[in-house]
1. Please work out how much length the chain gains when fully extended from F134 to K118, using 0.36 nm per residue of separation minus the C-alpha to C-alpha distance, in nm with one decimal.
2. How big is the dipole moment of the range 21-100 about its Cα centre under a simple scheme where the beta carbon of each Lys and Arg is +1, that of each Asp and Glu is -1, and everything else is neutral? Debye, nearest 20, please.
3. Given +1 on the Cβ of Lys and Arg, -1 on the Cβ of Asp and Glu, and no further charges, what dipole in debye does the range 12-171 carry about its Cα centre, rounded to the nearest 20?
4. Zone of I160 (label point 7 Å along Cα→Cβ, backbone N under 11 Å): which residues in the range 84-110?
5. Please build a GNM for the chain, connecting alpha carbons under 10 Å apart, and tell me which residue among D42, D13, D50 fluctuates the most.
6. Name all residues of the range 133-171 having a backbone nitrogen under 14 Å from the label point set 7 Å from the Cα of A43 along its Cα→Cβ direction, giving them as ranges.
7. Averaged per residue, what accessible surface does the chain expose to a 1.4 Å probe, in Å²?
8. Contour minus end-to-end for S36 and R57, with contour as 0.36 nm per residue of separation and end-to-end as the Cα-Cα distance?
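The values are calculated or read from the model by the stated rules, or taken from the named source; none is laboratory data. In this text, all values refer to a predicted model and were calculated from it rather than measured experimentally. Note: ideal-geometry Cβ built from the backbone for every residue, glycine included; neighbour counts use all protein chains shown. Heavy atoms of the whole protein, side chains included, go into the accessibility calculation; ligands, DNA and RNA do not. Shrake-Rupley method; radii C 1.70, N 1.55, O 1.52, S 1.80 Å.
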Amino acid sequence: MAGIAVNEVLEMDVTVREAHPGDLPEIVPLWLQLMSFHEELDAGYSMVEDAAERWIRYIAPSFNDESWRIFVAQIEDELVGYAAVVIQDHPPVYVSTKHGVLESIAVSREHRGRGIGKRLVRAAEQWLRSRDVFEMMVRIDERNTASRALFGSRAFEPWIVVRRKVLGRKD
């Protein structure tokens, strides 16, 4: 394929689709990569020993909940990324009654930087629009430069600043 960049070839070979429960065993390692990356950023992301099992119990019901969608990126038979999005209600004081929250998104280490995250975000945006939801939020760690670049490229703007103070544990 002379003259075609690797990223362009990859873009053509990636399929983004709605996930199904049978995809969960392949999604979990992607989630663990995401969480391990964040653990390296800050001890506040430290996981419990059975974090994967707990996350499965948390995310599995979303497959039967119309307010949730999980999208996966697939190359041939391999899942290389996922994005989980949920529709939430705003408090009843606002004109806009609901918004989407990109709960989590991950692309395998081997496939990052090739536009797969953008395609997953686009799938989430399209699904939200199809349900008359016209706002999507995502929480990112400011030290995660890849996430900042991804969401900046998709026209996400800083909005609310969250500040954290570690209080320590009561002995």
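1. 4.0 nm
2. So the dipole magnitude of the range 21-100 works out to roughly 440 debye.
3. I would put it at about 700 debye.
4. Residues passing the 11 Å test: 90-91.
5. D50
6. Under cut-off, by backbone N: 166-170.
7. Per-residue value: 66 Å².
8. 5.7 nm
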